[in-house]
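K.L.:
For reference, the structure I am asking about is given below.
The values are calculated or read from the model by the stated rules, or taken from the named source; none is laboratory data. None of these values were measured; they are calculated from a predicted model. Please note: Cβ atoms are built from the backbone with ideal geometry, for glycine as well, and neighbour counts cover all protein chains shown. The accessibility values were calculated without ligands, DNA or RNA, using every heavy atom of the protein model including side chains. Shrake-Rupley method; radii C 1.70, N 1.55, O 1.52, S 1.80 Å.
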Amino acid sequence: MSNGINFYPLDAAMISSSRRPNNTIKSMDKRTNGWKRRKEALSKKTDVVVSMLKRAWDAGIDASFVLFDSWFAHDDLIYKIVECGYGVICRLKRGKVKYEYQGRQYTLKQLWQTYAKKQMRYIPSFQVKAVCLNVRLPKTGEVRLVFVSDGKKQWQALLSTDLELDASQILTYYAKRWSIEVFFKDAKQMLYMGKEQSKTFDAAIASYSIVMIRYLLLVYLLNKRKITNSIGTIFRDVVDEQQMLLYSEKIWTIVKEQLFKSIKLLTYKIDLDVIYQLFDLIDDILFNQVRLITAKV
């Protein structure tokens, strides 16, 4: 989920290829999450998407739109997402799908050539030309299409279930979809997503879950420190702090050993208990700081 500033990973699923040689779930208690995850892995991707969105809705996750690329842009899926309670903004793929416009059926290409191409208007904020057409889909009903062009031969089409949005608003919403690509990049490069040592299914699920929790902690730190940069910045800062404190702890250990060796010289005019209390105080401070920074990382 994105609020336009930060991305919050809320759920994930691992889907197995339908061509795998063995689709049998190993014998285990059907009440366990392990069995549920294995069953989910053998489901259709579109069914899993709907299940995840239902879980989000039941958990009270309030979002205006579900954003996705053209791979999921099917009338049936869009209808099911709307039934869950969310709106949809997605990119469309050119194909044989027909859209009803002014009482007649058209493909995207036909709509572009017959109507949209002639009505394009420049949008300064995006430096592109765009136009909106309200059409109907068999299941979803009335939706808004946005045709976008670079002013040359290249054009794309987006769909919105909200008929009140103009072209610039739909493009602004859809641009937020890029945050999930940034999440995957950060998670793979800094949090080692997909690089777990074990090849077992349960370990992979656990690894992905831990990565998402760590990412959420980093987002929390970003908000606490009121930093608007990427996760990479806060991650590197926290790692640097941890390394500095770990080095400090090692140096203090060496210094303390030398002080213990010279204890007789130090206790000539200072009470031995006072020195031990000072050692304990420094130990506690370093331990608490290292534990705090380690938890952040």
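K.L.:
Please give the length that would be gained between ASP76 and ASN3 if that part of the chain were fully extended, namely 0.36 nm times their separation in residues minus their C-alpha to C-alpha distance (nm, one decimal).
P.N.:
23.6 nm
K.L.:
Loop-only chymotrypsin sites (Phe, Trp or Tyr not before Pro) in the stretch 101-169, please: DSSP not H, G, I, E or B, and at most 15 other Cβ atoms within 10 Å.
P.N.:
Numbers: sites: TYR101, TYR106, TRP112, TYR115, TYR122, PHE126, PHE147, TRP155; in loops: PHE126.
Taking the stretch 101-169 and a limit of 15 other Cβ atoms within 10 Å, the loop chymotrypsin sites (Phe, Trp or Tyr not before Pro) found are PHE126.
K.L.:
Carbon-plus-sulfur fraction of the accessible area of the stretch 1-132, 1.4 Å probe, in percent?
P.N.:
Looking at the stretch 1-132 in its full context, I get 49 percent from C and S.
K.L.:
What ³J(HN,Hα) values, in whole Hz, does the Karplus curve 6.51 cos²θ - 1.76 cosθ + 1.60 give for the stretch 92-109 when θ = phi - 60°, with x put for Gly and Pro?
P.N.:
10, 9, 6, x, 8, 5, 9, 10, 7, 9, 6, x, 10, 9, 9, 7, 4, 5
K.L.:
Over the alpha carbons of the stretch 82-219, what is the largest minus smallest coordinate on each principal axis, giving the biggest first in Å?
P.N.:
56, 34, 26
K.L.:
Right, next: Counting only pairs 8 or more places apart or on different chains, how many lysine pairs in the stretch 36-116 have C-alpha atoms closer than 14 Å?
P.N.:
Total qualifying Lys-Lys pairs in the stretch 36-116 comes to 5.
K.L.:
Report D for the stretch 57-140 in µm² per second (integer): Stokes-Einstein, Kirkwood Rh on Cα pairs, 20 °C, 1.002 mPa s.
P.N.:
146 µm²/s
K.L.:
Now a separate question. Taking the Cα centre of the stretch 44-117 as origin and charging only Cβ (+1 Lys, Arg; -1 Asp, Glu), how large is the dipole, in debye to the nearest 20?
P.N.:
Numbers: 13 positive and 8 negative charges, 108 e Å.
Once rounded to the nearest 20, the dipole reads 520 debye.
K.L.:
Suppose accessible area is computed on protein heavy atoms with a 1.4 Å probe; arrange ILE210, ILE78, ILE205 from highest to lowest.
P.N.:
Output order, biggest surface exposure first: ILE210, ILE205, ILE78.
K.L.:
I've got another one for you. Between GLU100 and LEU163, what length in nm is gained on full extension when 0.36 nm per residue of separation is reduced by their alpha carbon distance? Write down the numbers at each step before the final one.
P.N.:
Details: separation 63, 0.36 × 63 = 22.68 nm, distance 1.52 nm.
21.2 nm is the gain from fully extending GLU100 to LEU163.
K.L.:
May I ask you to list the trypsin sites (Lys or Arg not before Pro) in the stretch 60-120 that are in a DSSP loop and have at most 11 other Cβ atoms within 10 Å of their Cβ?
P.N.:
Qualifying residues, ordered by number: LYS96.
K.L.:
So which GluC sites (Glu not before Pro) in the stretch 86-194 are both in a DSSP loop and have at most 11 other Cβ atoms within 10 Å of their Cβ? Let's see the in-between values first.
P.N.:
Numbers: sites: GLU100, GLU142, GLU164, GLU181; in loops: GLU164.
Taking the stretch 86-194 and a limit of 11 other Cβ atoms within 10 Å, the loop GluC sites (Glu not before Pro) found are GLU164.
K.L.:
Next question. Looking at the square roots a ≥ b ≥ c of the eigenvalues of the Cα gyration tensor of the stretch 106-177, which shape do they give, rounded for a/c under 1.5, prolate if a/b is larger than b/c, or oblate?
P.N.:
Here the stretch 106-177 falls in the oblate category.
K.L.:
Grab the Cα-Cα distance for GLN110 and ILE251, subtract it from 0.36 nm times how many residues apart they are, and report the gain in nm with one decimal.
P.N.:
43.5 nm
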